[in-house]
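Below is one structure; the comments refer to it alone.
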Amino acid sequence: MGKKENMPIGMFDSGVGGLTVLKALHERMPCEDIIYLGDTARLPYGTKSPQTVSRYAVQCAAELVNRGIKLLVVACNTASAVALDALRNAYPDIPVIGVVEPGAHAACKASRNHAVAVIATESTIAGGAYQRAIHSISPDTRIIGHPCSLFVALAEEGWTDGHVPEAVARQYLEPIFNLATGAKTPVIPDTLVLGCTHFPLLVPAIKNVIDPATVIVDSAATTAEAVHGELTRLNFKRAENGYGKTRYLTTDDAARFARMGTRFLGTALAEHEVELVDL
Ligand code: DGL
């Protein structure tokens, strides 16, 4: 492989959710080559133990590192919450960027009343990664965390609008905002963090349920910014001319990945553009 700056950025998620981060990365750094891996065969990660998610994450990283990458983006909150240390230990020469910290920064910047609701997978909420990340930036912020595991299945299924996703959103979100109102010092969160890369697809359903003034943040744009900052700092940025190439890898059913990927990316992705890999 040639000079570092010409190598691709590697990214992975349990499925197609991380494509929301890929899209933001493309917009921020259109010249960069990217290899994206969706571990669809083993999705969901969000209901699995931290040990299992860490093992899967290191296997995903190995596939990408073996193909030659200059930086690794963990485009999955669940894996970012539990596997960053394992990944950095396994690949000390590769800079690793997760999505939780950028998401926490975005939330703190957005919240005016220092009350933030975080929705994510069961594992991300139970591990408290967002709570820690937000408190390390803004110790006084009140955080209500709530798992919304079904959103992952709905997003992967492409079932993102209509009365079913909206009913699920209502079931998950109303108690969060009501609970806040019923608290001793009632402070309703003015910010909702989408702590799972699958959730941006559910935004229309979510918006129909919550107060329209609530700011919805996800970590895609801030993660892209963090990647840009790190590549600049390391002098690994590709020369800014032309468009970079993106390669897609999946661990199961390339046709399904292409179909769902088209939905997440908002541009057509063909089956022949997706390579099936076995980790
Ligand atoms: N997209 C992943 C995340 O950001 C997890 C989805 C799952 O596999 O449960 O947490």
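Each value in this text was obtained by applying a stated rule to the coordinates, not by laboratory testing. The structure displayed is predicted, hence computed values, not measured ones. Cβ coordinates were reconstructed from backbone atoms using ideal geometry, including for glycine residues, and neighbour counts include every protein chain displayed.
With a ≥ b ≥ c taken as the square roots of the eigenvalues of the C-alpha gyration tensor of the chain, please select rounded if a/c is under 1.5 and otherwise prolate if a/b is larger than b/c or oblate if it is not? Here the chain falls in the prolate category.
Suppose R0 equals 51 Å; then what is the FRET efficiency for Thr52 and Arg112 from their Cβ-Cβ distance, rounded to the nearest 0.05?
The computed FRET efficiency comes out at 0.85.
Each residue of the stretch 1-60 gets 94 Å³ once the volume of the Cα convex hull is shared out per residue.
Would you please classify the overall shape of the stretch 1-118 from the alpha carbon gyration tensor, given that a ≥ b ≥ c denote the square roots of the eigenvalues, rounded means a/c under 1.5, and beyond that prolate means a/b larger than b/c while oblate covers the rest? Each step should come with its number before you reach the end.
Values: a/c = 1.79, a/b = 1.25, b/c = 1.44.
Oblate is the answer for the stretch 1-118, as a/c is 1.5 or above yet b/c matches or exceeds a/b.
Using 0.36 nm per residue, how much length does the chain from Asp85 to Val215 gain when fully extended, once their Cα-Cα distance is taken away?
On the way: separation 130, 0.36 × 130 = 46.80 nm, distance 3.10 nm.
Net length gain for the segment: 43.7 nm.
With the cut-off at under 12 Å, measuring from each backbone N in the stretch 1-34 to a point 7 Å along the Cα-to-Cβ line of Asp93 picks out 1, 4.
About the Cα centre, and with charges only on the beta carbon of Lys, Arg (+1) and Asp, Glu (-1), how big is the dipole of the chain? Nearest 20 debye, please. Charge dipole of the chain: 540 debye, to the nearest 20. Sites listed here are trypsin sites (Lys or Arg not before Pro) in the stretch 1-81 whose DSSP assignment is loop and whose Cβ has at most 11 other Cβ atoms within 10 Å: Lys3.
Report the relative contact order of the stretch 122-279, percent, no decimals, based on alpha-carbon pairs under 8 angstrom and at least 6 residues apart.
Contact order relative to length: 17 percent.
The spacing between the stretch 90-121 and the stretch 149-172, judged by their C-alpha centroids, is 23 Å. I want the local charge near Pro102. Using Cβ-Cβ distances under 10 Å, sum +1 for each Lys or Arg and -1 for each Asp or Glu among the other residues. Counting the neighbours of Pro102, the net charge comes to -3. Fully extending the segment from Ala255 to Glu157 would add 33.9 nm, taking 0.36 nm per residue of separation and subtracting the current Cα-Cα distance.
Among DSSP beta bridges lying fully in the chain, give the percent that are antiparallel, nearest 5. Please list the in-between numbers first.
Details: 0 of 33 bridges.
Looking only at bridges with both residues in the chain, the antiparallel portion is about 0 percent.
Using a/c under 1.5 as the rounded threshold, could you call the stretch 40-176 rounded, prolate or oblate? The axes a ≥ b ≥ c are square roots of the C-alpha gyration tensor eigenvalues, and prolate needs a/b larger than b/c, oblate otherwise. Since a/c reaches 1.5 but b/c is at least a/b, the shape of the stretch 40-176 is classed as oblate.
So, counting K/R as plus one and D/E as minus one, what does the shell of residues with Cβ under 11 Å around Thr246 add up to? Display every interim value, and only then the final one.
Values: positive: Lys23, Lys245, Arg247; negative: Glu32, Asp33, Glu273.
Local net charge: 0.
Apply 1/(1 + (r/R0)^6) to the Cβ-Cβ distance of Glu5 and Asp140, taking R0 = 45 Å, and write down the FRET efficiency to the nearest 0.05. Plugging the Cβ-Cβ distance into 1/(1 + (r/R0)^6) gives 0.60. Projecting label points 7 angstrom from Cα along Cα→Cβ for Lys207 and Thr232 puts them 3.0 nm apart. Of interest is the spacing of the C-alpha centroids, which for the stretch 248-279 and the stretch 51-70 amounts to 18 Å. Among Thr232, Thr191, Thr141, the largest mean-square fluctuation in a Gaussian network model of the chain (Cα springs under 10 Å) belongs to Thr232.
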